[in-house]
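**Q** Please find one structure pasted underneath; my questions will follow.
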Amino acid sequence: MLAKPFAETRRFSRVVLGCVLLVWLGGSGCSIRRYALNQAADALAQSGSTFSSDDDPELVQAAVPFSLKLMESLLAENPRHVGLLTSAASGFTQYAYAFVQQEADELEAHDLALAEAKRARARRLYLRAQRYGLRGLEVKHAGFAKALLANPRSAAQAAAKADVPLLYWTAAAWASAISLSKDNPELVGQIPAMEALIDRALELDESYDHGAIHSFLISYEMSRAGGRGDAAARARKHFDRALELTGGKDASPLVALAEAVMIQKQEVKEFESLLHRALAINPEADPERQLVNTVMQRRARWLLSRKADLFLIEEKK
């Protein structure tokens, strides 16, 4: 039970040691310095599960910015490190959603100006994540970013199964930025490129990260232009598969279906049922997803608190 936490501690220690070596070796031979740089970059790129298994979101919120800036410092020295680019895309996306956009949503009813400022910050962080993701794909496939905007479906076909993490996090960051930029025609016009990435990821590895792609598509299907059949039926199909892949231990698909589908369909009873199911999950049952579940349960509580605003409920006489 304790092997993994100790392993993560050792890994982070290697990051710190690597950074110390970089300073010490600043004037040394390039090959030695490059070795230390790669050791630090490799270790930091693999250190994400230290945060994902944490049960204290406030502590993580305070710690993550240091980790993200450390990644950027190492990327300045080693700009083509795919592992670091992937971790930066993932890290900035998750930080923006869990600790910036969620706070903006909660603030809106009390301080609209501050909520809008936080949403603007979240959008900048999502776009930062998207750029790191595209850089990672560009390292592996020269000319990918330009080709993706010119001919999205054709360009996405160049990606292989090993690229799925980059495809997923780039699409997630891109979609999140677009959702906060409805007044930006240029960004909205990039939807086909984002869509091509997530659809290619689904095609290559639909079970990635215990159904993360399906959880994403629960929400996206409700706004997909030109999708076949009923959007809610497509979303529910992804929901069923996400539940199967997570074994019911992840609150994300439950919250996604409640927020994206049940509000639009005005199905208040299922909305409540889904969110109460999300809240009934024990975050400690799956340590690797403990932080995700804690964050999603916070959103579930917020959504339930807004039921009267989200649904046209007739008052009983």
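**Q** Looking only at region 183-218, count how many residues are open to solvent by 50 Å² or more (accessible area, probe 1.4 Å) and within 14 Å of the chain's Cα centre (by Cα).
**A** Adding up the residues that qualify gives 2.
**Q** Would region 144-151 turn up any residue that is in a loop (DSSP other than H, G, I, E, B), free of Cβ contacts under 8 Å to residues at least 24 places away in the same chain and open to solvent by less than 40 Å² (accessible area, probe 1.4 Å)?
**A** no
**Q** Right, something else. Just checking, which of 98, 89 is hydrophobic (A, V, I, L, M, F, W, C), touching a Lys or Arg at 6+ places or on another chain (Cβ under 9 Å) and under 16 Å from residue 294 (Cβ atoms)?
**A** Exactly one of 98, 89 is hydrophobic (A, V, I, L, M, F, W, C), touching a Lys or Arg at 6+ places or on another chain (Cβ under 9 Å) and under 16 Å from residue 294 (Cβ atoms), namely 98.
**Q** Kindly provide the set of residues from region 66-104 that are within 24 Å of residue 180 (Cβ to Cβ) and either among the hydrophobic types (A, V, I, L, M, F, W, C) or over 19 Å from the mean Cα position of the chain (by Cα) (or both), ordered by number.
**A** Within region 66-104, 68, 71, 85, 88, 89, 92, 96, 98, 99, 100, 104 meet the criteria.
**Q** OK, next. Can you name every residue in region 163-179 that is closer than 19 Å to residue 119 by Cβ and surrounded by 21 or more Cβ atoms within 10 Å (Cβ to Cβ)?
**A** 172, 173, 174, 175, 176, 177, 178
**Q** I need the helices (runs of 4 or more DSSP H) fully contained in region 247-317, keeping only those with at least 1 residues that are without any contact (Cβ under 8 Å) to a residue 12 or more places away in the chain.
**A** Per the criteria, 268-280, 290-305, 307-310.
**Q** Consider region 219-239. How many of its residues are exposed (fewer than 15 other Cβ atoms within 10 Å of the Cβ) and at pLDDT 95 or above?
**A** 1
The values are calculated or read from the model by the stated rules, or taken from the named source; none is laboratory data. Bear in mind that the values here come from a model prediction, so they are computed numbers and not experimental data. Reconstructed Cβ throughout: ideal geometry from the backbone, glycine too, with neighbour counts over all protein chains shown. Only protein heavy atoms, including side chains, enter the accessible area calculation; ligands, DNA and RNA are left aside. Shrake-Rupley method; radii C 1.70, N 1.55, O 1.52, S 1.80 Å.
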